[in-house]
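Working notes, structure below.
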Amino acid sequence: MRSYTAVTLRQLSSRRGRLFLTISGIVLGTGMIVGVLLLTTTIQRTFTDLYDSIYGKADLVLAATSDAGALPEDALARVRTTQGVDSAVGQVTAVLSLVGADGPGAELNAAGTTVEGQSYSDLEIVSGRKVRGGREAELEASWAEANGLQVGDTASLATPTGIRDYRVAGLFKFSTGVDFGGEGFGFLPLGEARRAFGQPAGWSEIQAVVSEEGTGAVDQVKRRLDAEFGPGVEVITPQGKSDQIQSQLQALNVILYFFAGMALFVGGFLIFNSFNMTVLQRMREIGMQRTLGASRGMVVRSVLTESSTLGIAGSLLGILGGIGIALALITLLRSIGLPVGALQWTAAAPVAGILMGLITATAGSLIPALRAGRIAPIRAVLGSEGLRSRPKPIRAAIGICLVAPGLYGAFTLGAADQTTTAVVAAGIGGIIAIFFGIALLAPFVVSPLSRLLSWPVRKLAPIEGRLASDSARANPTRTAATATALLIGLALVVGINSLGSSFLNSIEREFDRAFARDLTVQPRGLNPGAGPQQSLAPSVLGKISDLPGVAVATPERLVATAQLPQVAGRKGNGPQGLLFGFDPSVYDKVDSSQIDTGDLTRAEAYARVGKGALTVGKGYAEEAGIEIGHEMLLEGASGVERAPVVAVVDTILAGGQTVSMSLEKMARVYGITSDTQIAVKAESVDARAEVKREIERLLEADYPNLTVLSNDEIKSEVESQISQQFGFFNALVAVAILASLFGIVNTLSMSVLERTREIGVLRALGATRWQIRRTVANESLIISLIGAVLGISIGVGLGWALLQGLAAGVPGVVYSPPIGTMLAVAVAAVLLGLIAAIVPARRAAKLDVVDALSYE
Amino acid sequence: MSPGSKRSGKRSGDTDPVPAIDARKLTKRYGSGTSLVKALDRLDFRVEKGEMVAIMGPSGSGKSTLLHLLGALETPTSGTIALAGENFEGLDDRGLTLLRREKIGFVFQFFNLLPSLNALENVMLPALIAGRRDPKVEKRARSLLKRVGLARRERHLPSELSGGEQQRVSIARALLLEPELVLADEPTGNLDSRSEATVLDLLSELNSDEGHTIVIVTHDTTAAAVAGRVSFLRDGRSAGEVAGGDSAKVIRAFAKLESPASKTKKRRSSAKSPRGKR
Ligand SMILES: Nc1ncnc2c1ncn2[C@@H]1O[C@H](COP(=O)(O)OP(=O)(O)OP(=O)(O)O)[C@@H](O)[C@H]1O
Ligand SMILES: [Mg+2]
């Protein structure tokens, strides 16, 4: 050994067993960071590659601002004659689904275009040939392979006009060579596509090549096209399109980084706790080093050297884990319908991982290091005797001062309808402040809580329960820190699921109120707002109306738009939201939403909608100050109109960010002609079941991609969508909870070590191994239950604050506690406690009685 | 080793033929090869019911080891132990644990009270461990505390008691379940001379007045003299015994044990030992 530092490092290797427990939080935290970084890189690459391939040659892409909108037929000619445009092609698009022997299957993004149009994309035919005309299709090779299709096969596709069979004429690969996580792409000949998509005229998308090179020229042409088409049409570069998706995914990224940050935070906490314990344990030794002349600085540095070494070691492991986490996240995201390609590596990931690991470990060990530095030489003699100080009241004061503004920060996050950096920072800062505050407050509640929580244990097993609870209370700071590490994960689960349960309950309540319909017919897996959706064949409506027992069958069109209409004369663009088209003459029969119609009756208001007026969602109305009587400016791909607002609808669909109009108006202004779903009312309550069976029979025969849902089924559909999303979040939080599990193990091992002699006495007095195990398990249970009780309360507070914020923007959302999640968290805490105790309890039980008795 | 002495209790060996302890050819080895230590070497040891025996010997002579074996804290490498006629042999960990629980009371050098329990609770600990919760236990615990002179300190935590008081609590704890045998390893090793006297008086009274069978290990000849019989150990073997009571005689015998001839031996044996206990 050449230096004092070498002594430090020697110490590390002498505690190998606990090392892993100490760094597990760092490993998992940096693993998350690395995993998320790799994931975002992969997503970015996926979309860049996607648009690079699809718009290979095109410099500019024109499309309607709203999802399913169409550009008028003459748009192509207008683009071609625009100054600076070299050439342009148009295409029509739709989402189709493959109809296999066993019902509807994978979705296919289909484009109908000419051979020239295809040449704009950057792809190569790998077998067969391009489509020329007639009922043939050209498919992306890996999707075709995944679905068992080869050149010459027949593919049955559910199109907006019904099932149609296509001969597979060719298979292609995008030249970037990336697969898109199972997302399907294909081409149909233009004429056939127009028939199949029910779009005899107009264009979904126009791609243009600019004659001159350089971004300056492209910009100039873009400005000319903007002027030519107005705000209903979006003119954008392929790169811009990719950027747009990125910024839409921004919210997802923020969430991912947030969870990664939380896991790391827990990791820092575990480091803090672990080093606190070691410093206390090594008090005598450190005191001895001080008597030998080690300065304070040397002691502090030695602890920091130790922790930073651990930080780096932990983050190296974390990088490996991160790759696994990234792969898992990609699978998860694919399962909720986001196309993500194969994992992409970036050098930034390991760098960030190591940096974050190092910072976290150092920050976590700072206080213990300083504490070590303050150890007086006399401790060489005294050891840690007489040091069990109670937490100081100032801690509580600071804790409270952190929690209150923290909740406000969370409120701000919830209230924001755009996730700007400032808002996210306020929210995340707020949540971290809450947890810090709780960490400071926790030691004060440990004692009463552990007495309370150990009550049932004490009843069952008086001595073990008593000893366990004493053990937890003997070192409230340590118990508190351990419980806090657990609490963070549990509180996040409860907080987040509070949002889910509140939304779900509010939506269900709205459905109960608004659904006068009996049934809804829609494409399977419909998810408005999550990209282009399948639409219904126009023929369905007539066939359903003709069924016996059907009183009303009326179409609904739901289209996501990047810009809702704005009050005429106001500056700026409207927010993103949902355009809703319906038939006001019969809509009252299937819908009983609460509507504020001012001086008009409901019937009068609907009549006005039939003549071109609008209704506006309450969320949007309140936020933008829109009132009945205001004139709105509607700027669609097909036209520009003004229309008055006649009513405000109390809805929480799309957060109340909706504008509704008649079907005709929607077609005229936005070029939207396809139905999203059909609302059906039976002639009588008794006829319902029979009508549903009739419709099922009809769909099964002719429209296997569609489904008919009762109101209860719609509710459970929404519920499963929400729980899928929140399941994803829960999976992310699970990493933080896992880290805290290791924290409990660490604390228990420490506790067993400290109580070795006590365990020896108990064994000498006739305690069985099993009783010793129970004592440790009980201590573990007490810690985890403290974590659960606090976690659930903090989670409820957090969820409530987030929701109050959200409800400020979405009127009508009411907080409802996630009872199921809370129960699950409580059960999980008990299980975690028991699992954490397994190894330490076994070690305690195995202690040799004589050795334990002579342990100092 | 012959039974009986002037100060042994009421139920002497003459009236009860079954000895409290009958240990035969006890051997305890630690380690192996060059680090092999014979802590006990074919030792025979017998204690009659109601007897109070002190064990003396140089450091490392195997006193603690013997006590641990008698107390079923460890198992011998070979040899047999019978407690009140009942052989330990063949008992697994659980069996030994139950035996300790029911038949043996321990008094430790460092008192070893649980710091978070008060005096009364510490005394009741063995009953709690055994799962006995009837009110009689508490009554007995109280009367024991009274017996050791700490009736007014029931609610005090160990940290609020002096060393001698703590040791008296731990003696009361050892007696709670009326054990066949009380084992004490240097019970006064950590006490000042006044506390030491109180504790020793207490132990000898418990023996003479109440007939408890007590084995104590000690370095202190005055402590040993309280016992009815003093048994000497050296290098894990018996090195004779004398009757207690007369402390001058005990001192003389002990001095002989520590004579130069045996000192070399002792040094050798402690050099072999991988770890020192004190
Ligand atoms: N667990 C063990 N492993 C190895 N050697 C041991 C162990 N326990 C005791 N010994 C050795 O056995 C011998 C007897 O030890 P023991 O503790 O019985 O001595 P003692 O008479 O109680 O001494 P002291 O008066 O110092 O307490 C010693 O040489 C000791 O080093
Ligand atoms: Mg000893």
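The values are calculated or read from the model by the stated rules, or taken from the named source; none is laboratory data. Quantities reported herein were computed from a predicted structural model and do not represent experimental measurements. We place every Cβ from the backbone using ideal geometry, glycine too, and count neighbours over all the protein chains shown.
A Cβ distance below 8 Å, combined with a sequence gap of six or more or placement on separate chains, defines the contacts here; from segment B:92-117, residues that are more than 8 Å from every other protein chain (Cβ to nearest Cβ) reach residues that are surrounded by fewer than 22 Cβ atoms within 10 Å (Cβ to Cβ) and among the β-branched types (Val, Ile, Thr) in the pairs B:Leu96/B:Thr75.
Flag: B:Arg133 matches the condition of being within 8 Å of another protein chain (Cβ to nearest Cβ) and surrounded by fewer than 18 Cβ atoms within 10 Å (Cβ to Cβ). Scanning segment A:508-552 for residues that are among the polar types (S, T, N, Q) and closer than 18 Å to A:Gly655 by Cα yields one hit, A:Asn527. Out of all the residues in segment A:319-331, is one or more at pLDDT below 80, farther than 30 Å from A:Leu280 by Cβ, among the small types (Gly, Ala, Ser) and outside the structural domain of A:Thr484 (by TED's automatic domain parsing)? No. Output the residues belonging to segment B:211-220 that are more than 16 Å from ligand 2 (Cβ to nearest atom) and either closer than 27 Å to B:Lys25 by Cα or free of Cβ contacts under 8 Å to residues at least 12 places away in the same chain (or both). Within segment B:211-220, B:His212, B:Thr213, B:Ile214 qualify. Residues that are in a loop (DSSP other than H, G, I, E, B) and within 14 Å of another protein chain (Cβ to nearest Cβ) were ranked within segment B:61-76; the one that is nearest to ligand 2 (Cβ to nearest atom) is B:Gly62. Take the residues of segment B:27-52 that are aliphatic (A, V, I, L, M) and away from ligand 2 (no atom under 16 Å from the Cβ): which is surrounded by the fewest Cβ atoms within 10 Å (Cβ to Cβ)? That would be B:Leu36.
Rundown of residues vs (1) under 37 Å from the mean Cα position of the chain (by Cα); (2) assigned to a loop (DSSP other than H, G, I, E, B), yes/no style:
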| site | (1), (2) |
| --- | --- |
| A:Val99 | yes, no |
| A:Glu107 | yes, no |
| A:Gly117 | yes, no |
| A:Ser121 | yes, yes |
| A:Glu124 | yes, no |
| A:Ser127 | no, no |
| A:Val131 | no, yes |
| A:Glu138 | yes, no |
| A:Ser142 | yes, no |
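If you check A:Val457, A:Val445 for being within 14 Å of chain B (Cβ to nearest Cβ) and out of contact with any Leu (no Cβ under 6 Å at 6 or more places or on another chain), only one passes: A:Val457. Residues satisfying the criterion are present in segment A:306-328 (criterion: surrounded by fewer than 19 Cβ atoms within 10 Å (Cβ to Cβ), of a type outside the set (Val, Ile, Thr), more than 22 Å from A:Leu21 (Cα to Cα) and out of contact with any Phe, Trp or Tyr (no Cβ under 6 Å at 6 or more places or on another chain)).
Contact map, segment A:449-464: residues that are farther than 11 Å from A:Glu779 by Cα paired with residues that are outside any helix (DSSP H, G or I) and at pLDDT below 80, Cβ distance under 6 Å, separation 6+ or inter-chain. No pairs are found. Tell me, yes or no, whether segment A:648-657 has at least one residue that is in a strand (DSSP E or B) and either of a type in the set (A, V, I, L, M) or surrounded by fewer than 22 Cβ atoms within 10 Å (Cβ to Cβ) (or both). Taking every residue of segment A:648-657 in turn, at least one turns out to be in a strand (DSSP E or B) and either of a type in the set (A, V, I, L, M) or surrounded by fewer than 22 Cβ atoms within 10 Å (Cβ to Cβ) (or both). For segment A:829-856, which positions are within 15 Å of ligand 1 (Cβ to nearest atom), of a type outside the set (Gly, Ala, Ser) and assigned to a helix (DSSP H, G or I)? A:Val849, A:Val850, A:Asp851, A:Leu853, listed by residue number. Quick one: would you say B:Ile55 is away from chain A (no Cβ under 13 Å) and within 16 Å of ligand 2 (Cβ to nearest atom)? Here the answer is yes, as B:Ile55 does meet what is asked. For segment A:636-653, does any single residue satisfy the condition of being within 29 Å of the chain's Cα centre (by Cα) and closer than 24 Å to A:Pro160 by Cβ? Yes, segment A:636-653 contains at least one residue that is within 29 Å of the chain's Cα centre (by Cα) and closer than 24 Å to A:Pro160 by Cβ. Say whether the condition of being on the phi > 0 side of the Ramachandran plot, away from ligand 1 (no atom under 12 Å from the Cβ) and in contact (Cβ under 8 Å) with a residue 24 or more places away in the chain is met by at least one residue in segment B:53-62. Scanning segment B:53-62, I find no residue that is on the phi > 0 side of the Ramachandran plot, away from ligand 1 (no atom under 12 Å from the Cβ) and in contact (Cβ under 8 Å) with a residue 24 or more places away in the chain, so the answer is no. Of all residues in segment A:239-249, none satisfies being surrounded by fewer than 20 Cβ atoms within 10 Å (Cβ to Cβ) and not in a helix (DSSP H, G or I).
Please work out if B:Leu120 is in contact with a helix residue (DSSP H, G or I) (Cβ under 8 Å, 6 or more places away or on another chain), surrounded by fewer than 23 Cβ atoms within 10 Å (Cβ to Cβ) and more than 8 Å from chain A (Cβ to nearest Cβ). So B:Leu120 fits the description; yes. Applying the criterion of being of a type outside the set (S, T, N, Q) and within 14 Å of another protein chain (Cβ to nearest Cβ) to the residues of segment B:188-221, the residue that is farthest from ligand 1 (Cβ to nearest atom) is B:Gly189.
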